[in-house]
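Heads up, the thing below is written out as structure tokens.
The values are calculated or read from the model by the stated rules, or taken from the named source; none is laboratory data. Keep in mind the model is a prediction, meaning the values are calculated, not measured. Here the Cβ is made from the backbone with ideal geometry for all residues, glycine too, and neighbour counts use every protein chain on show.
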Amino acid sequence: MNLLEDIVVIDFSQFLSGPSAGLRLADMGARVIKIERRGVGDICRELYVSDVMIEGESTIFHAINRNKESYMADLKDTDDLHNVKELLKSADVLLHNFRPGVMERLGLGYETVKELNPSLVYAEISGYGNEGPWRDLPGQDLLLQSVSGLAWLSNNNSDTPTPMGVAVADILAGTHIAQGILAALFQKTITGEGALVQVSMLESVLDFQFEVLTCFYNDGNELPVRSNVNNGHAYIAAPYGIYKTANGYLALAMGDILRLADLLKCEGLKVFTDKKEWFSKRDEIKKELAQHLKTGTTEQWLSILQPADIWCAQVLNYDELMKEEGYKVLNMELKVKTSNGLEITTTRCPIRVDGQLLVSPVGAPQLGEHNAQIEAEFLPSQVVLKN
């Protein structure tokens, strides 16, 4: 299903944030052309997050750049820059995630490109925004999780701040810029004019914490206090958290402590009769609950709690998850092929429209794979150089 058919995206971005936005637009049917540095390409081609490589490149590159085209160019070269500008004249969207000022120095800043194509949606992701003392700092995910307060929310109160195990700041920024692009494209259908869409990773990860930050803003700037025991959320009372069982782990969300006491036959919980204490004495409650849950298996507790509509779940690793029918029915695994015919398994776009999945079998491109095709289509009168 090509919801964005005929939309052309010229994508200068690298690593994860921008390419994740380009991936989502490609999933929706847009034609995404990656502009990659001659001989080097997107640095993510060599960003190894494991010892697994695909055709000599990183798995993460192949995961986040499937269903795109690669156009190789040296933006500091006069002829290459001219060709890229010609591409932009026919494009609907420009996407980049360079630090502030880089695109301007290359001669591709918003005002310059707007003169080339007034209807273009110009979308940019930065680390910390275009103003302030942090504007030139590297927009790297771990650093953004740390400075934004996100890492400080995780782990127990007596333990060190802990980042999430995925590049959440990158992916959130990519999600937000994609949303902004789609809104600007809709506006363009009405006015015929383009727009400048800007997102910073810091703003994205702050928005991700809107629930906790709103409490902080309106609570006299009192810092949230993490549980010392089985912390899951600094603002939520017991039993919220993850508990060890005799053979694994059990997650418990919000729940009535006295009801849990009856269901689990946990006598130690029955003394907490005042609901107000379920927050103020959450560490005591969690200690009692943690000791009791170790006496039974995860399956045993689930068989008691789930029929009673208690919000709980088994804590699964990937191998365990993929054996579950609840995972299998989603058909989340997508098979794509590189231009060399190598089949790769990755995740599909999570969106369904009218019951249809947004999928494509096309894998990530080789560096410069589409130069000749793109130049023949968009630059028919140009001299083909350096291919």
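Restricted to the range 352-363, and to residues there that are touching a strand residue (DSSP E or B) at 6+ places or on another chain (Cβ under 8 Å) and assigned to a loop (DSSP other than H, G, I, E, B), the residue that is surrounded by the most Cβ atoms within 10 Å (Cβ to Cβ) is Gly363.
The residues in the range 269-304 that are touching a Leu at 6+ places or on another chain (Cβ under 8 Å) and either touching a residue at least 24 places away in the same chain (Cβ under 8 Å) or of a type in the set (A, V, I, L, M, F, W, C) (or both) can be counted, and the count is 10.
Look at the range 171-208 and say how many of its residues are surrounded by fewer than 16 Cβ atoms within 10 Å (Cβ to Cβ), over 16 Å from the mean Cα position of the chain (by Cα) and either part of a helix (DSSP H, G or I) or of a type in the set (Lys, Arg) (or both). Final tally of qualifying residues: 6. Could you tell me which of the residues Tyr71, Tyr48 is at pLDDT below 95 and more than 14 Å from Ile344 (Cβ to Cβ)? Result: Tyr48 is the single residue among Tyr71, Tyr48 that is at pLDDT below 95 and more than 14 Å from Ile344 (Cβ to Cβ). Of the residues making up the range 106-122, one or more are of a type outside the set (Ser, Thr, Tyr) and closer than 19 Å to Arg24 by Cα.
Okay, residues lined up against (1) under 15 Å from Leu202 (Cα atoms); (2) in contact (Cβ under 8 Å) with a residue 12 or more places away in the chain; (3) in contact with a Leu (Cβ under 6 Å, 6 or more places away or on another chain):
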position	(1), (2), (3)
Asp77	no, yes, no
Glu86	no, yes, yes
Leu106	no, yes, yes
Glu111	no, no, no
Ala123	no, yes, yes
Gly132	yes, no, no
Leu142	yes, yes, no
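Scanning the range 321-351 for residues that are out of contact with any strand residue (DSSP E or B) (no Cβ under 8 Å at 6 or more places or on another chain) and polar (S, T, N, Q), we see that the one that is farthest from Asn2 (Cα to Cα) is Asn340. Evaluating Gln291 against the criteria (1) at pLDDT 95 or above; (2) under 30 Å from the mean Cα position of the chain (by Cα) leaves one unmet condition, (2).
For the range 130-139, does any single residue satisfy the condition of being modelled with pLDDT of 95 or more and part of a strand (DSSP E or B)? The answer is no, given that none of the residues of the range 130-139 is modelled with pLDDT of 95 or more and part of a strand (DSSP E or B).
The set of residues from the range 309-347 being in contact (Cβ under 8 Å) with a residue 40 or more places away in the chain and part of a loop (DSSP other than H, G, I, E, B) comprises Ile310, Trp311, Val315, Thr338, Asn340, Leu342. Within the range 339-351, how many residues are surrounded by fewer than 11 Cβ atoms within 10 Å (Cβ to Cβ) and either over 20 Å from Ile60 (Cβ atoms) or over 21 Å from the mean Cα position of the chain (by Cα) (or both)? Residues that pass the stated criteria total 3. Scanning the range 310-338 for residues that are among the polar types (S, T, N, Q) and surrounded by 14 or more Cβ atoms within 10 Å (Cβ to Cβ) yields Gln314, Thr338. Run down Asp51, Asp27, Asp79, Asp42 and say which single residue is within 28 Å of Asp136 (Cα to Cα) and among the charged types (D, E, K, R). The match here is Asp42. The helices (runs of 4 or more DSSP H) found wholly in the range 1-104 and carrying at least 3 residues that are over 21 Å from the mean Cα position of the chain (by Cα) and more than 16 Å from Leu185 (Cα to Cα) occupy 78-89. Is it the case that the range 23-37 has a residue that's in contact with a helix residue (DSSP H, G or I) (Cβ under 9 Å, 6 or more places away or on another chain), surrounded by fewer than 23 Cβ atoms within 10 Å (Cβ to Cβ), in contact (Cβ under 8 Å) with a residue 40 or more places away in the chain and over 22 Å from Leu196 (Cα atoms)? Looking through the range 23-37, none of the residues is in contact with a helix residue (DSSP H, G or I) (Cβ under 9 Å, 6 or more places away or on another chain), surrounded by fewer than 23 Cβ atoms within 10 Å (Cβ to Cβ), in contact (Cβ under 8 Å) with a residue 40 or more places away in the chain and over 22 Å from Leu196 (Cα atoms).
So, in the range 233-275, exactly how many residues are under 19 Å from Thr162 (Cα atoms), within 26 Å of the chain's Cα centre (by Cα) and buried (at least 20 other Cβ atoms within 10 Å of the Cβ)? Of the residues in that region, 2 qualify. Of everything in the range 157-170 that is touching a residue at least 40 places away in the same chain (Cβ under 8 Å) and surrounded by fewer than 16 Cβ atoms within 10 Å (Cβ to Cβ), the residue that is nearest to Ile125 (Cα to Cα) is Asn157.
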